[in-house]
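The values are calculated or read from the model by the stated rules, or taken from the named source; none is laboratory data. Nothing here was measured: the structure is a model prediction, and the numbers come from that model. Neighbour counts run over all protein chains shown; Cβ positions are idealised from the backbone, glycine included.
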Amino acid sequence: MNRLLDLYWTFVKIGCVTFGGGYAMLPILERELADKRHWTTLDELRDYFSIGQCTPGVIAMNVSTFIGQKRGGVAGALAATTGFLTAPIVIIMVIAAFLTNFADLAVVQHAFAGIRVCVCVLIVQAVLRLWKGSVVDAFTLILYLLVFVLNAFGSFLPVKLPAAVLVLLSGAAGLAISLRRAARSGKGGEAK
């Protein structure tokens, strides 16, 4: 029971600072879950982010579900997910109740402008961290550049590939290269 409460309260705290979505959350999740609590490794967390990006729902919420399941099975997944959702639901309800009365105030507009800048910084920081852990050799650099070009300039191409297709093709390319490398190292080992 203590483990479930710990999961719940940890993700309540994380849920309080979920501004900017999943990628903006990566530094916070790394610090809290990998560095401080050692509930996951950085590589596992990045894998959870990759899977969370490909599955329906909010990335950070999906990650909380994965971590909760790892720490406490189905009950842990429910505790972590519920914890993650608690603060945003309360905050959104409070904002919704009062925002229409205050949205036009200059101070509120300036606050939102500042929050948008902060969120941009958090997203850039997350992208740089993901880059550092993901683009590690010539193959991953080429794959990154190819996917970037196909996504960024897809509207100029005769056929635009949906993001889901790019993710699946990238996964298949990574698997193919991994199998090829394993086969090469196996043949090299036999020659000795």
Candidates Val90, Val17, filtered to the one that is in a loop (DSSP other than H, G, I, E, B) and either among the hydrophobic types (A, V, I, L, M, F, W, C) or surrounded by 14 or more Cβ atoms within 10 Å (Cβ to Cβ) (or both): Val17
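Would a scan of region 163-176 turn up a residue that is within 26 Å of Val63 (Cβ to Cβ), of a type in the set (Ser, Thr, Tyr) and not assigned by TED's automatic domain parsing to the domain that holds Val17?
Scanning region 163-176, I find at least one residue that is within 26 Å of Val63 (Cβ to Cβ), of a type in the set (Ser, Thr, Tyr) and not assigned by TED's automatic domain parsing to the domain that holds Val17, so the answer is yes.
So which residues in region 73-114 are free of Cβ contacts under 8 Å to residues at least 40 places away in the same chain and not hydrophobic (A, V, I, L, M, F, W, C)?
Of everything in region 73-114, those that are free of Cβ contacts under 8 Å to residues at least 40 places away in the same chain and not hydrophobic (A, V, I, L, M, F, W, C) turn out to be Gly73, Thr100, Asn101, Asp104, Gln109, His110, Gly114.
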Quick check on region 115-132. Is at least one of its residues assigned to a helix (DSSP H, G or I), closer than 30 Å to Ala172 by Cα and among the small types (Gly, Ala, Ser)? yes
Can you spot a residue in region 123-135 that is more than 23 Å from Leu45 (Cα to Cα) and surrounded by 13 or more Cβ atoms within 10 Å (Cβ to Cβ)? no
Examine region 68-87 for a residue that is among the β-branched types (Val, Ile, Thr), more than 12 Å from the chain's Cα centre (by Cα) and either surrounded by fewer than 12 Cβ atoms within 10 Å (Cβ to Cβ) or not assigned by TED's automatic domain parsing to the domain that holds Thr10 (or both), and state whether such a residue exists. yes
Given the conditions (1) touching a Lys or Arg at 6+ places or on another chain (Cβ under 9 Å); (2) small (Gly, Ala, Ser); (3) not in a helix (DSSP H, G or I), which single one is not true for Gly57? (1)
Selection within region 147-156 - of a type in the set (A, V, I, L, M, F, W, C) and more than 21 Å from the chain's Cα centre (by Cα): Val149, Leu150, Phe153, Phe156
